[in-house]
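**Student:** So that we are looking at the same thing, I have put the structure below in structure tokens.
The values are calculated or read from the model by the stated rules, or taken from the named source; none is laboratory data. Bear in mind that the values here come from a model prediction, so they are computed numbers and not experimental data. A quick note on method: Cβ atoms are made from the backbone with ideal geometry, for glycine too, and the neighbour counts reach across all protein chains shown. The accessibility values were calculated without ligands, DNA or RNA, using every heavy atom of the protein model including side chains. Shrake-Rupley method; radii C 1.70, N 1.55, O 1.52, S 1.80 Å.
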Amino acid sequence: MSIRVVIADDQAMIRTGFRLIMEAQEDITVVGEAADGVEALTLVRELRPDVCLMDVRMPGLDGIDATRRIAAEPGTRDTKVVVVTTFDLDEYVYGALRAGAVGFVLKKSGPRVLVDAVRAAVDGAALLSPTVTVRLLDAFARPGPDRTPELIEPLTPREREVVLLVARGATNTEIAEGLFISMGTVKSHLTRIQQKLSARNRVEIAAWAWEHGLVA
């Protein structure tokens, strides 16, 4: 099945460029374009796309607030948001991921990274631009107060293995192959892990692992 994508950016030229990149892929279809956060939220509510490519700086409602609303509403939370921006700023990175985005890509990263981010989001993975990943993990690895909630109940040994692989950037397919389990079992583990951590996505699972010393 084709991956259905909505593009949200206040620059028409950027939207056109992203559309050309997406529609050059056999497995991706652009179903809508939005020029601001309000329009993006409306389109996601109406079209229920698989992925929304979301700019940060937009008039009316910015991309981070729009992402937060998409992630919070029962009718839209299944849409995965990948933030795509020119600005490599910590406040945008942390804001986007805390709002519920599953990816953060810089526009200068190029077409391949953008396409990979869309596919990763649908696969249940997360893709961050390399420079963003390094800074993010460095922040999580530094001593300081926890920024993620404590466990609601203990993780099983197998769940800890899954968390470790998520923190190392493994996709669901790689987790299944590495642990010799089915994709369905991987998804079941991730669901239980998210419940135990009160995590909305695998980015927050990875953050918990780094903050609590599971990854050196």
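**Student:** Determine if region 162-185 includes at least one residue that is loosely packed, with under 15 Cβ neighbours inside 10 Å, at pLDDT below 90 and in a loop (DSSP other than H, G, I, E, B).
**Tutor:** Within region 162-185, one or more residues are loosely packed, with under 15 Cβ neighbours inside 10 Å, at pLDDT below 90 and in a loop (DSSP other than H, G, I, E, B).
**Student:** For region 196-213, give me each residue that is farther than 12 Å from GLU159 by Cα and assigned to a helix (DSSP H, G or I). Explain how you work it out, then say what you get.
**Tutor:** Let us first name the residues in region 196-213 that are farther than 12 Å from GLU159 by Cα, namely 198-204, 206-208, 210-213.
Correct list: ARG202, VAL203, GLU204, ALA206, ALA207, TRP208, TRP210, GLU211.
**Student:** Only residues that are open to solvent by 20 Å² or more (accessible area, probe 1.4 Å) and more than 14 Å from ARG4 (Cβ to Cβ): list them for region 65-86, please.
**Tutor:** Matches in region 65-86: ASP65, ARG68, ARG69, ALA71, ALA72, GLU73, PRO74, GLY75, ARG77, THR86.
**Student:** Right, next: Can you give me the number of residues within region 94-103 that are over 11 Å from ILE64 (Cα atoms) and open to solvent by less than 10 Å² (accessible area, probe 1.4 Å)?
**Tutor:** Step one: of region 94-103, the residues over 11 Å from ILE64 (Cα atoms) are 102-103.
Now narrow it down to the ones that are open to solvent by less than 10 Å² (accessible area, probe 1.4 Å): 103.
Within region 94-103, residues that are over 11 Å from ILE64 (Cα atoms) and open to solvent by less than 10 Å² (accessible area, probe 1.4 Å) number 1.
**Student:** On to the next question. Could you tell me how many of the residues in region 91-106 are in contact with a Phe, Trp or Tyr (Cβ under 9 Å, 6 or more places away or on another chain), assigned to a helix (DSSP H, G or I) and aliphatic (A, V, I, L, M)?
**Tutor:** 3
**Student:** Name the pairs whose Cβ atoms lie under 7 Å apart, with the first residue in region 107-124 and closer than 10 Å to ILE21 by Cβ and assigned to a helix (DSSP H, G or I), the second of a type outside the set (A, V, I, L, M, F, W, C) and at pLDDT 85 or above, and 6 or more positions between them or separate chains?
**Tutor:** Between residues of region 107-124 that are closer than 10 Å to ILE21 by Cβ and assigned to a helix (DSSP H, G or I) and residues that are of a type outside the set (A, V, I, L, M, F, W, C) and at pLDDT 85 or above, the close pairs are VAL115/GLN25.
**Student:** Looking at region 1-19, which of the residues that are within 13 Å of GLY32 (Cβ to Cβ) and in contact with a helix residue (DSSP H, G or I) (Cβ under 8 Å, 6 or more places away or on another chain) is surrounded by the fewest Cβ atoms within 10 Å (Cβ to Cβ)?
**Tutor:** ARG4
**Student:** Is there a residue in region 21-32 that is over 25 Å from THR171 (Cβ atoms) and either crowded, with 19+ Cβ neighbours inside 10 Å or touching a strand residue (DSSP E or B) at 6+ places or on another chain (Cβ under 6 Å) (or both)? So that I can check it myself, show each step before the final result.
**Tutor:** Looking only at region 21-32, we keep the residues that are over 25 Å from THR171 (Cβ atoms), and these are 32.
Restricting the remaining residues to those that are either crowded, with 19+ Cβ neighbours inside 10 Å or touching a strand residue (DSSP E or B) at 6+ places or on another chain (Cβ under 6 Å) (or both) gives 32.
For region 21-32, residues over 25 Å from THR171 (Cβ atoms) and either crowded, with 19+ Cβ neighbours inside 10 Å or touching a strand residue (DSSP E or B) at 6+ places or on another chain (Cβ under 6 Å) (or both): present.
**Student:** Right, something else. Output the qualifying pairs, or none if there are none: Cβ atoms under 9 angstrom, residues six or more apart or on different chains, first residue in region 21-49 and within 15 Å of LEU114 (Cβ to Cβ) and β-branched (Val, Ile, Thr), second residue modelled with pLDDT under 95 and open to solvent by less than 40 Å² (accessible area, probe 1.4 Å).
**Tutor:** Filtered contacts from region 21-49: ILE21/LEU114; ILE21/VAL115; ILE28/VAL115; ILE28/VAL118.
**Student:** While we're looking at this one, here's another question. Assuming PRO74 fulfils every condition listed in (1) touching a helix residue (DSSP H, G or I) at 6+ places or on another chain (Cβ under 7 Å); (2) closer than 15 Å to THR42 by Cα apart from one, which condition is it?
**Tutor:** Unmet condition: (1).
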